[in-house]
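Beneath this line is the structure, given in structure tokens, with notes to follow.
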Amino acid sequence: MTVEDILEFCGYKTASDLLIDHMSAEELKYMFEDLVNGPDDAKDFVQEEVERIASEYFEWVDWQKLQDDADEAAYQRYRDGD
């Protein structure tokens, strides 16, 4: 699921609006530092924060990730002979 899909689910148009509404000034400061110090990781970091806020405040669930994790666990059990 894309960040845009998650934002739409939460009723937001931009990630910045969602983050500003649900993070303290100190959290935003640390996030800004992380983004500036690791620009190559910025997209993943923003997605993680959007997903965290969406699940915490809006009861959003990444059903695809849950299914993928279950499939991986079933495959591991199969490989292990269980």
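The values are calculated or read from the model by the stated rules, or taken from the named source; none is laboratory data. In this text, all values refer to a predicted model and were calculated from it rather than measured experimentally. Calculation scope for accessible area: heavy atoms of the full protein, side chains included, ligands and nucleic acids excluded. Shrake-Rupley method; radii C 1.70, N 1.55, O 1.52, S 1.80 Å.
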How long are the three semi-axes of the equivalent ellipsoid of the chain, in whole Å, if each is the root of 5 times an eigenvalue of the C-alpha gyration tensor, listed from largest down? 30, 17, 10
Calculate what fraction, in whole %, of the accessible area of the chain sits on carbon and sulfur atoms when a 1.4 Å probe is rolled over the protein chains. 50 percent
Solvent-accessible area per residue for the chain at a 1.4 Å probe radius, Å²? 76 Å²
Radius ratio Rg over Rh of segment 1-46, counting only Cα atoms, Kirkwood formula for Rh: 0.99
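Work out, step by step, the length gained on full extension between Asn37 and Ala73: first 0.36 nm times the residue separation, then minus their alpha carbon distance; give nm to one decimal. Walk me through the intermediate numbers first.
Numbers: separation 36, 0.36 × 36 = 12.96 nm, distance 3.52 nm.
9.4 nm is the gain from fully extending Asn37 to Ala73.
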